[in-house]
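Step one of this worksheet: look at the structure below.
Here, each number is a calculation from the coordinates, and none is a lab measurement. Bear in mind that the values here come from a model prediction, so they are computed numbers and not experimental data. Glycine gets a Cβ as well: all are built from the backbone with ideal geometry, and neighbour counts include every protein chain shown.
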Amino acid sequence: AEFSEINLVSNSNGSCSVDLQVIRNATKVMRSFRPDFVLVRQHAFSMAQNEDFKNMIIGLQYAGVPSVNSLESIYSLSDKPWA
């Protein structure tokens with residue numbers, strides 16, 4: 001799923017809940033789940049309007065969700081001058 005299709009809630013107790021919009025038969029269906037791990041294949045930041053998803057990376061890291069690629073590196077590389 002793309003970041004724009006995801007709503008993420010990270011709790012202080014270390015849990016994380018994801019709501020995902022899926023379109024089936026021309027209707028929007030919401031699915032909720034708790035991720036076991038993530039694989040990020042999209043840039044967390046883009047110069048386009050409403051394309052800053054660094055808050056989702058922070059939420060995943062705050063909840064302690066393991067990832068295939070390092071969430072710290074994804075966040076750090078989202079800011080070009082920092083990289």
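Within segment 63-83, which residues are surrounded by 15 or more Cβ atoms within 10 Å (Cβ to Cβ) and either β-branched (Val, Ile, Thr) or under 17 Å from Leu8 (Cα atoms) (or both)?
Across segment 63-83, the qualifying residues are Ala63, Val65, Ser67, Leu71, Ile74, Tyr75.
Yes/no matrix, rows are residues, columns are (1) closer than 22 Å to Asn69 by Cα; (2) among the polar types (S, T, N, Q):
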{"position": "Asn7", "(1), (2)": "yes, yes"}
{"position": "Leu20", "(1), (2)": "yes, no"}
{"position": "Arg24", "(1), (2)": "no, no"}
{"position": "Lys28", "(1), (2)": "no, no"}
{"position": "Ser32", "(1), (2)": "no, yes"}
{"position": "Gln42", "(1), (2)": "yes, yes"}
{"position": "Ala48", "(1), (2)": "no, no"}
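Kindly indicate which of Val9, Val18, Val65 is in contact with a Ser or Thr (Cβ under 6 Å, 6 or more places away or on another chain) and not in a helix (DSSP H, G or I).
Val9
Of all residues in segment 40-58, which are assigned to a loop (DSSP other than H, G, I, E, B) and either farther than 12 Å from Ser4 by Cα or not acidic (Asp, Glu) (or both)?
Within segment 40-58, Val40, Arg41, Gln42, His43, Ala44, Ser46, Met47, Ala48, Gln49, Asn50, Phe53 meet the criteria.
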